[in-house]
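J.: Handing you this structure, nothing more for now.
The values are calculated or read from the model by the stated rules, or taken from the named source; none is laboratory data. Computed from a predicted structure; not experimentally measured. Glycine also receives a Cβ, built like all others from the backbone with ideal geometry; neighbour counts cover every protein chain displayed.
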Amino acid sequence: MNTFVLAARPLEFFFAQYRRVWRGTAVSSVATPVFFLLALGVGLGVFVDRATDLPGDVSYLEFVAPGLLAAAAMQVASFESSWPVLAAIKWTRQYHAMLATPLRVSDVLFGHQAFIATRLFMTAVVYLVVITAFGAVASPLAILTVPVAVLVGLSFSAPLAAWGAKTELETSFVAIFRFVILPLFLFSGVFFPITELPTALQWFAHLTPLWHGVDLCRQLTLGDVALWSVLVHVLFLVAWTAVCLALALRSYRRRLIR
Amino acid sequence: MAGHDGQPLIHARGLVKRFGELVAVDAIDFDLQRGEAFGFLGPNGAGKTSTMRMIGCVSPVTDGTLRVFGLDPARDGVKIRGRLGVVPQLDTLDMELTVRENLIIYGRYFGLPRRELGKRTDELLEFVELTERANDKVEPLSGGMKRRLTIARSLVNDPEVMLLDEPTTGLDPQARHVVWDRLYRLKRQGVTLLLTTHYMDEAEQLCDRLVVMDRGRIVAEGSPRELIERYSTREVVELRFDDSRPEDFSYWTDGLVSRVESLPDRVLLYTDDGDAASHGLHERGLVPESVLVRRSTLEDVFLHLTGRSLIE
């Protein structure tokens, strides 16, 4: 009980900060899915549908939309957990302000992640509404993509927060975006089934949270759900996130309490 | 000056902080009594900030005993921090939020209800003379205003002890005097102050009692007046020379002054009667470029105790 009360307090700071930029993020959280669906689902999709048969006989629009939703969660979470974490440690030093009050390191970490989870929730709801409007959703189970997207996002924001609190090298985030986030976006089954990848890379994809998130969202929006596979995906994402949060707590402690 | 019940608010015995090989705080003892203004005076790297961070429960004690309000920082950090008001060396204000928002959000970290905070915020802004800037962003405020806001913020939970780490470092003289004035008022209201500083005038103005720190150790303790009486003379004659500075001063000063301190840019002569001493020098035929007679300060105490000046 006490833990939740204390971890909720930093949220007010992050929301006050968010109020300054919310208009921009609101516009882009609607515009981004519209652009992607127009270009890929509608534009490219016409060619893809003419030439190939996707598994389950779905249109490319239906195939790509849930993948884009999961990938959007990854991107929002990664951004929110990179520079803002560094800023709170080094520049605005807001974490230090929090730690001069009754708040503990765990409250600071979980409070910040709770804010990111809220942002993910809002992003996912908007994304789901847009892909539904495009006719890319075949099942009411699609509503469950919202909590899944939150979980996918946290599976990225947790390890990035762990890294942000550890690194002295702020430019490392540029490298992470270019060499981790971008390849994951391209090769985790968002745009084409990973069965098209070489076998070794398929196995590798199974070890990344985005692939689990993409496949899970796709099953839900298509209404083509295999229970065992849903369980595996959820378990993987929960376990991955829990381990990364524990690592983040350790690196926050080392950085802030010394 | 002593606490009502004799129970110190902060109690340290053999307190040690090590960072790997580096010993930042080397077995110090001190007690802070309720209602007093207590200072750590020392140069950068003396261990003042490390001590403050241990008291603020954001730096684990390496060895020794530390009790804050009778509680152990290792176990009761949440309770202790709820009763402290911290003014850190580096500002931790959010530059993009308004002055008022900074106060309210900080108050929320303590779990204070919003309604109560609205009133409290008005009073605090009044106290630090920032009422007119309440709805402005923090970013464009001057350094002195930001410091005053940080002080107001640290008072939001009505703390029993204020921890002030170098409260006026980096401020221009006028802004420093405004900050001192506010701290002096708090002291008169009975707020217990614990501050670090490397400005001897700050320590003299604000502290009832202080310890002089050097390289992690406490080298002297007392009120500013006691320290000056014990470790210095009443007055100091400062001599500056162009290029004709004598090598050996004993020839000129023997019998005239009680001690000579030779610094790169000037020579300090310690005596209880500065005018008599400078007169004597003149009679012996020593002609410096300038002669200044002044009262002893804590700077002289520090110089005597450590052989170095406070600000390098």
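J.: Surrounded by 16 or more Cβ atoms within 10 Å (Cβ to Cβ) and away from chain A (no Cβ under 14 Å): does that describe B:Ile28?
T.: Working: surrounded by 16 or more Cβ atoms within 10 Å (Cβ to Cβ): yes; away from chain A (no Cβ under 14 Å): yes.
The answer is yes for B:Ile28.
J.: Of the residues in the stretch A:211-228, how many are of a type in the set (A, V, I, L, M, F, W, C) and crowded, with 24+ Cβ neighbours inside 10 Å?
T.: First pass over the stretch A:211-228, keeping only residues of a type in the set (A, V, I, L, M, F, W, C): A:211, A:214, A:216-217, A:220, A:222, A:225-228.
Now drop any that are not crowded, with 24+ Cβ neighbours inside 10 Å, which leaves A:214, A:216-217, A:220.
The total comes to 4.
J.: Also, I was wondering about something else. For A:Ala248, indicate whether it is more than 14 Å from chain B (Cβ to nearest Cβ), among the small types (Gly, Ala, Ser), part of a helix (DSSP H, G or I) and in contact with a Leu (Cβ under 9 Å, 6 or more places away or on another chain).
T.: So A:Ala248 fits the description; yes.
J.: Sort through B:Arg176, B:Arg108 and tell me the only one that's surrounded by fewer than 22 Cβ atoms within 10 Å (Cβ to Cβ) and within 14 Å of chain A (Cβ to nearest Cβ).
T.: Details: B:Arg176 fails: within 14 Å of chain A (Cβ to nearest Cβ).
Of the residues listed, the single one that is surrounded by fewer than 22 Cβ atoms within 10 Å (Cβ to Cβ) and within 14 Å of chain A (Cβ to nearest Cβ) is B:Arg108.
J.: Looking only at the stretch B:53-64, decide whether some residue is more than 14 Å from chain A (Cβ to nearest Cβ), out of contact with any helix residue (DSSP H, G or I) (no Cβ under 8 Å at 6 or more places or on another chain) and surrounded by fewer than 22 Cβ atoms within 10 Å (Cβ to Cβ).
T.: yes
J.: State yes or no: is B:Asp208 under 30 Å from B:Val178 (Cα atoms) and surrounded by fewer than 19 Cβ atoms within 10 Å (Cβ to Cβ)?
T.: Details: under 30 Å from B:Val178 (Cα atoms): yes; surrounded by fewer than 19 Cβ atoms within 10 Å (Cβ to Cβ): yes.
For B:Asp208, the condition - under 30 Å from B:Val178 (Cα atoms) and surrounded by fewer than 19 Cβ atoms within 10 Å (Cβ to Cβ) - is met.
J.: Determine if the stretch B:97-108 includes at least one residue that is touching a strand residue (DSSP E or B) at 6+ places or on another chain (Cβ under 8 Å), part of a loop (DSSP other than H, G, I, E, B) and assigned by TED's automatic domain parsing to the domain that holds B:Arg120.
T.: Yes, the stretch B:97-108 has at least one match.
J.: Does at least one position in the stretch B:120-130 carry a residue that is among the aromatic types (Phe, Trp, Tyr), within 14 Å of chain A (Cβ to nearest Cβ) and touching a residue at least 40 places away in the same chain (Cβ under 8 Å)?
T.: Residues of the stretch B:120-130 that are among the aromatic types (Phe, Trp, Tyr), as a first pass: B:127.
Subset that is within 14 Å of chain A (Cβ to nearest Cβ): none.
No; the residues of the stretch B:120-130 include none that is among the aromatic types (Phe, Trp, Tyr), within 14 Å of chain A (Cβ to nearest Cβ) and touching a residue at least 40 places away in the same chain (Cβ under 8 Å).
J.: Quick one: is B:Ala220 of a type in the set (A, V, I, L, M, F, W, C), out of contact with any Lys or Arg (no Cβ under 7 Å at 6 or more places or on another chain) and in contact (Cβ under 8 Å) with a residue 60 or more places away in the chain? Working first, answer last.
T.: Working: of a type in the set (A, V, I, L, M, F, W, C): yes; out of contact with any Lys or Arg (no Cβ under 7 Å at 6 or more places or on another chain): yes; in contact (Cβ under 8 Å) with a residue 60 or more places away in the chain: yes.
Yes: the conditions hold for B:Ala220.
J.: Separate question: Applying the selection to the stretch B:147-176, what residues are farther than 28 Å from B:Ile10 by Cα and part of a helix (DSSP H, G or I)?
T.: Scanning the stretch B:147-176 gives B:Pro173, B:Gln174, B:Ala175.
J.: While we're here: If I ask for residues that are within 7 Å of chain B (Cβ to nearest Cβ) and out of contact with any helix residue (DSSP H, G or I) (no Cβ under 8 Å at 6 or more places or on another chain), which ones from the stretch A:84-104 would you list? Show your work before the answer.
T.: Of the stretch A:84-104, the ones within 7 Å of chain B (Cβ to nearest Cβ) are A:92-94, A:96-104.
Hits for the stretch A:84-104 are A:Thr92, A:Arg93.
J.: Right, something else. Could you grab me the full set of residues in the stretch B:224-235 that are in contact with an Asp or Glu (Cβ under 6 Å, 6 or more places away or on another chain) and not in a helix (DSSP H, G or I)? Lay out the reasoning, then the answer.
T.: Going residue by residue through the stretch B:224-235, those that are in contact with an Asp or Glu (Cβ under 6 Å, 6 or more places away or on another chain) are B:224, B:232-234.
Within the stretch B:224-235, B:Ser232, B:Thr233, B:Arg234 meet the criteria.
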